[in-house]
Structure formats: structure tokens, C-alpha cells
Amino acid sequence: MSLPLPRSRESVGLLGLIAALAWAQLSSGAVLWGPVLLAAWCGWRVWRRAQPLACMVLVLVSAWLLNRMLLLEWQVWPLIMLLPILVTLLVFWRRDRPRVLEVMRMGRLRAKHAALGVLVGLISSGVLLLWMRWFAPDLRVQAGLMPAWPVMALLAVILGFALLNSWMEEVIYRGMVQGGLAEAALPLPIILVVQALAFSAAHYAGGVPNGLLGVGLTLLYGLALGGLRVWSGGLAAAFVAHVTTDVCIGTVLAFPAIRMEIMS
């Protein structure tokens, strides 16, 4: 059964916006005009008829692209994600506060949700360590983001990094993107694959893991996180998994001795 024209048009526009977000994460320089034009065309097609979360995705993608095009000195973590999120939340806070709260809703974290979240995080951490050991990737740029502080201070930095990075990525990909796709009534397999593709694209250049293999691994990880979001009815289980993995990443980046031992 085909979708009615307005809903079908909205779905195509929403998918185009998410494609523009993924494309922008893989692009730089003049190539960024490609996702800008795609986002402008999709936004023009869906804005007047779009569901609230589709409009939120449009603002998010627009803010992301403006940040990439105009604020070149701010292309660092966490600003590259935090600024678009804050712009989007501020735009919609007074206009549609329930939707803002919905995309950030953690939901009730039952013991089974927390347990599976930790398990997913531990499995992904193990896969990540195997990737580092087998392929010895160059992580000097990522490690350079960590300060040369005493051990106890570094542990606090690692936890702060894991909490903030996990929150930002979950709000974007499982909150806004996955929520917008669900609101457009797309089939669940498409929802999970599309949000995971957008999530994995963000890791190609500077993520951990990175490169083509990193994108493939992150795609599988994104599918698992999206499944946790659906199963638990909120971001909490996926957030627990994400924090667990990011603590592993932060530890490897913060301590050169551990990193060298893994890769040797």
C-alpha cells in the first residue's frame, strides 16, 4: 500500500535531509556545497507539510551546515555537534517544548535495559580494542584532545568525555533522526539502517574507529543502539551502552602506555 502524497513527500524530504547530514560529515571545502544544496531542496519541499520532528531535523542539519561553512575555527569536538544541538533546542523550546523533551527523553531504565546496554557497550569495546590491535590506526589527532593531567584528573576527563559525547550523539541520531523517521511512519528496518548510516558517516574521518572498516563497525554499533532505543522506549539503554564504549575510547586516548600496549 503506497503512502499518501503528503506523507510520502515528507518521507523523501526527511531522508534527503539525513543524507545531506551524512554527506556533510564526509565532505570538506567546496564539496560541502553539495549537501547544502540537497538540504535546501529537501527543506523547501517538506517545511510547510512536515511533522514536528522532521522540522527539527531540518533545523539541526541547517545549523550543522552553517557551522561547517562559516565557523571553520570551531570544527572541533564538542562544538561541531554541540552548537547544532543547542541551536535546534533553542529554536523549538518555546515553539514545541514537548517535542524537545521527547528527543531527549531517557525513559525508564529497568535492570534488563541497563544490563543489555552494558553488555552491548562491553562487546563494542572489545571489538574496538581488536580493531586497534590488528590495524594499529593512527590516533594521534584524537589523543591530542586529551590533556596531559594527573591520573585522577584524567579519569574525570574521561568520564566527562564519555557522558557528553554519548549524550550528543544519542540526541542527534537516536533522538532527532530516528525519532523523525519513526514519526514519518517508515518501516522499522529502514529507520534503523538510515540512522545507523548517518551515525557511521560521522566516524569516517576523525572518529574511533575510522576509515571504511570503522564505518562498517560503527554501522553495526549504530544498529544495536537504535534497537536499544526501540526496545527500551527511550535513550537510556543506548546511552548506557554508548557511555560504556566511550569510557573505553577515552581511556585508550588518554593513556599512551595503554594505547601502545594494545597496538604492540
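The values are calculated or read from the model by the stated rules, or taken from the named source; none is laboratory data. All of these numbers come straight from a predicted model, not from anything done at the bench. With ideal geometry, Cβ positions are generated from the backbone for all residues, glycine too; neighbour counts draw on all protein chains shown.
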Considering each residue of region 215-226, count those that are crowded, with 21+ Cβ neighbours inside 10 Å and out of contact with any helix residue (DSSP H, G or I) (no Cβ under 7 Å at 6 or more places or on another chain), and give that number. 0
Considering each residue of region 235-264, count those that are buried (at least 21 other Cβ atoms within 10 Å of the Cβ) and outside any helix (DSSP H, G or I), and give that number. 1
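Which residue is surrounded by the fewest Cβ atoms within 10 Å (Cβ to Cβ), if the candidates are limited to region 178-205 and must be assigned to a loop (DSSP other than H, G, I, E, B) and within 13 Å of the chain's Cα centre (by Cα)?
Step one: of region 178-205, the residues assigned to a loop (DSSP other than H, G, I, E, B) are 184-187, 202-205.
With the extra rule that they be within 13 Å of the chain's Cα centre (by Cα), the set shrinks to 202-204.
Working: ALA202: 22, HIS203: 21, TYR204: 17.
The selected residue is TYR204.
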Kindly list, by first and then second residue, each pair from a residue in region 212-229 that is outside the structural domain of GLN25 (by TED's automatic domain parsing) to a residue that is surrounded by fewer than 18 Cβ atoms within 10 Å (Cβ to Cβ), limited to pairs with Cβ atoms under 6 Å and residues at least 6 apart or on different chains. VAL215/TYR204
Determine which single condition MET146 fails, assuming it passes every other condition in (1) under 30 Å from ILE190 (Cα atoms); (2) not in a helix (DSSP H, G or I). (1)
Between a residue in region 197-209 that is free of Cβ contacts under 8 Å to residues at least 24 places away in the same chain and under 16 Å from PHE135 (Cβ atoms) and any residue that is of a type in the set (A, V, I, L, M, F, W, C) and surrounded by fewer than 21 Cβ atoms within 10 Å (Cβ to Cβ), which pairs come within a Cβ distance under 6 Å, given they are 6 or more apart or on different chains? none
Residues of region 19-70 satisfying the condition of being without any contact (Cβ under 8 Å) to a residue 24 or more places away in the chain and of a type in the set (D, E, K, R): ARG48
From ARG99, ARG108, which residue is in contact with a Gly (Cβ under 9 Å, 6 or more places away or on another chain), within 27 Å of VAL230 (Cα to Cα) and loosely packed, with under 15 Cβ neighbours inside 10 Å? ARG108
So LEU220 fits all but one of (1) closer than 23 Å to ARG105 by Cβ; (2) within 16 Å of the chain's Cα centre (by Cα); (3) not basic (Lys, Arg); what number is the exception? (1)
